[in-house]
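The values are calculated or read from the model by the stated rules, or taken from the named source; none is laboratory data. Since we're looking at a predicted model, the values are computed, not measured. Here the Cβ positions follow ideal geometry from the backbone for every residue, glycine too, while neighbour counts run over all protein chains shown.
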Ligand SMILES: Nc1ncnc2c1ncn2[C@@H]1O[C@H](COP(=O)(O)OP(=O)(O)OP(=O)(O)O)[C@@H](O)[C@H]1O
Ligand SMILES: [Mg+2]
């Protein structure tokens with residue numbers, strides 16, 4: 001089976017004044033369809049930088065990146081925008097909802113950029129909001145929702161266009177532990193439906209939800225292991 | 001294509017909701033454009049209205065009338081007055097001669113004017129224009145009479161002491177009471193009022209008919225010196241319906257030259273004036289006013305444009321985070337560009353619209369006050385909106401481009 005995502009010696013350097021920061025030195029990873037990967041590592045190790053490149057928000061300084069077999073490392077802005085819209089579902093630590101739009105409108109946003117008509121957008125957005133158990137909050141603005149609810153709106157938005165990969169950068173970082181578990185349960189469901197998930201986290205217990213744990217350090221992959229605990233659990237079931 | 005239109009429409013909806021959300025700022029930023037459009041369009045409107053008034057004033061003179069006078073109607077710096085000042089004045093005899101001999105004239109009339117004191121009872125008006133006219137003046141000038149009648153041919157020939165008065169003169173002398181059949185005194189002599197002229201309102205060509213009185217020239221020769229430059233004696237000839245002015249002028253040139261016995265080599269010692277000459281002069285004048293209006297307006301618009309550009313930059317800065325989110329969700333650069341551009345255009349159109357509304361109400365108000373109709377023409381509404389549109393595009397393009405090129409990662413991170 002071809003990997004859904006293939007990174008080949010990806011590097012990302014930042015110039016800050018005269019200094020050059022090597023946020024990513026050389027990262028090579030392959031991720032298959034319906035994998036659930038946790039990305040871990042100390043602060044500043046390059047996790048977010050890597051996620052941004054995988055999410056086509058940023059382009060690597062060097063290296064190759066194939067997404068669904070397409071080389072996206074050399075694409076232009078508009079093509080990247082289309083990939084982000086169709087192939088990627090982003091979930092951020094700070095939710096990043098548009099404050100003036102209702103939950104429904106926030107979820108429908110990617111569908112606008114995809115060019116769907118209004119009725120389709122409303123139908124599809126309501127459907128995903130139901131999936132994240134927010135049918136009773138569709139017309140609420142973000143500031144009328146709890147943190148956990150906001151993150152669920154954000155997850156619904158990430159799912160709305162049926163992307164190939166869900167990228168979540170510390171999705172529970174701003175949530176208490178009870179809410180974190182609810183959100184992780186939601187990711188579990190999404191994963192079970194056949195989605196591919198990459199999740200950045202600092203917390204070991206959150207990472208234990210994943211099948212595979214990739215650890216970064218100083219812009220390099222330090223370890224890339226299957227999560228024995230989880231696989232064992234599954235085989236028991 | 002339809003997808004693009006859809007996206008464009010969505011951009012505008014986005015822009016609109018952003019404007020609603022920042023009402024106060026929106027209003028303040030509109031102000032510059034509003035003032036700019038107000039100043040530019042009010043000048044255009046003023047000039048248009050003046051121009052319309054001038055044209056209608058000129059048209060009361062008749063476009064198919066030739067005026068034989070000593071001085072030509074010319075404008076401009078190099079008016080060769082030294083050529084004209086020794087010319088003879090047109091005379092009543094010449095008028096009669098032309099009336100007899102011209103084939104192309106439908107009516108011919110003579111007119112001279114002076115200023116005199118007139119009175120009725122204890123009411124005295126000084127410096128009233130007295131027009132001394134011959135037969136057919138009513139036809140050439142197309143004067144309208146609201147009460148009474150024009151002079152008869154016999155009365156004119158006999159030079160009776162009768163008078164037609166302007167509507168303002170009637171109001172002033174008779175305090176709105178009926179004046180027909182009553183006497184007024186002109187330069188100490190009694191004249192019977194036989195008619196009152198229809199109200200003309202403000203005229204763009206000197207004095208309005210409303211302030212004048214008209215007497216038969218054969219009577220007026222007793223107190224008007226037709227040989228004096230000051231009375232501006234004029235022979236007026238109206239062409240027959242099918243005759244072009246030029247043909248009439250050619251004929252008149254021949255007649256005048258033969259009457260005045262000019263040798264073939266000598267220049268004409270009279271001028272054949274037409275209303276089109278007047279219009280040419282006014283066209284030049286209005287061109288200059290319009291240009292200066294456009295110039296002043298241009299600078300106010302420029303200031304307004306900078307205001308909009310500034311507010312757009314602030315708006316982009318403030319919404320950088322949201323732009324980043326939109327981009328992360330797949331908004332293309334062009335979507336963001338349209339979004340901010342349409343916001344700027346919308347702002348400017350709104351500002352321009354308010355400016356136009358102000359012009360409209362100002363024109364209504366001034367029309368009331370000035371006794372002169374000022375009309376905000378459709379053409380000027382379109383001009384105003386078009387200028388607003390262009391300013392919106394020009395002042396919005398740089399902030400919008402800046403927004404569209406933001407790096408999504410940096411944009412999301414900013415807060
Ligand atoms: N835009 C930037 N300009 C300069 N340096 C940057 C930029 N973005 C990230 N870096 C640097 O790159 C390195 C990796 O940053 P990154 O955000 O990927 O770390 P991280 O692993 O996500 O850390 P954390 O766990 O704290 O979120 C850091 O040293 C950071 O300072
Ligand atoms: Mg990070």
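Observations, loosely collected:
- Qualifying residue in region A:143-155 (condition: crowded, with 22+ Cβ neighbours inside 10 Å and under 21 Å from residue A:7 (Cβ atoms)): no
- Against the criterion of being more than 16 Å from ligand 2 (Cβ to nearest atom), without any contact (Cβ under 8 Å) to a residue 60 or more places away in the chain and closer than 25 Å to residue A:202 by Cβ, residue A:64 does not qualify.
This table checks each residue for (1) more than 14 Å from every other protein chain (Cβ to nearest Cβ); (2) modelled with pLDDT of 85 or more; (3) assigned to a helix (DSSP H, G or I).
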site: B:25; (1), (2), (3): yes, no, yes
site: B:46; (1), (2), (3): yes, yes, yes
site: B:57; (1), (2), (3): yes, no, yes
site: B:72; (1), (2), (3): yes, no, no
site: B:78; (1), (2), (3): yes, no, no
site: B:90; (1), (2), (3): yes, yes, no
site: B:93; (1), (2), (3): yes, yes, yes
site: B:97; (1), (2), (3): yes, yes, yes
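- Of all residues in region B:28-35, none satisfies being modelled with pLDDT under 85, more than 30 Å from residue B:353 (Cβ to Cβ) and more than 14 Å from every other protein chain (Cβ to nearest Cβ).
- Scanning region A:13-22 turns up no residue that is touching a helix residue (DSSP H, G or I) at 6+ places or on another chain (Cβ under 7 Å), surrounded by fewer than 20 Cβ atoms within 10 Å (Cβ to Cβ) and part of a loop (DSSP other than H, G, I, E, B).
- Any hit, region A:177-187, residues being more than 14 Å from chain B (Cβ to nearest Cβ) and touching a strand residue (DSSP E or B) at 6+ places or on another chain (Cβ under 7 Å): yes
- Against the conditions (1) at pLDDT below 95; (2) over 28 Å from residue B:326 (Cβ atoms); (3) part of a strand (DSSP E or B), residue A:3 satisfies every one except (3).
- Qualifying positions in region A:23-41 - within 16 Å of ligand 2 (Cβ to nearest atom) and more than 14 Å from every other protein chain (Cβ to nearest Cβ): A:27, A:37, A:38, A:39, A:40, A:41
- Strands (runs of 3 or more DSSP E) (entirely within region B:143-190) containing at least 2 residues that are modelled with pLDDT under 90: B:145-148, B:183-186
- Within region A:57-94, tally of residues that are within 12 Å of another protein chain (Cβ to nearest Cβ) and within 16 Å of ligand 1 (Cβ to nearest atom): 8
- Restricted to helices (runs of 4 or more DSSP H) entirely inside region A:165-237, those with at least 2 residues that are more than 13 Å from ligand 1 (Cβ to nearest atom) and under 21 Å from residue A:67 (Cβ atoms) are A:177-192.
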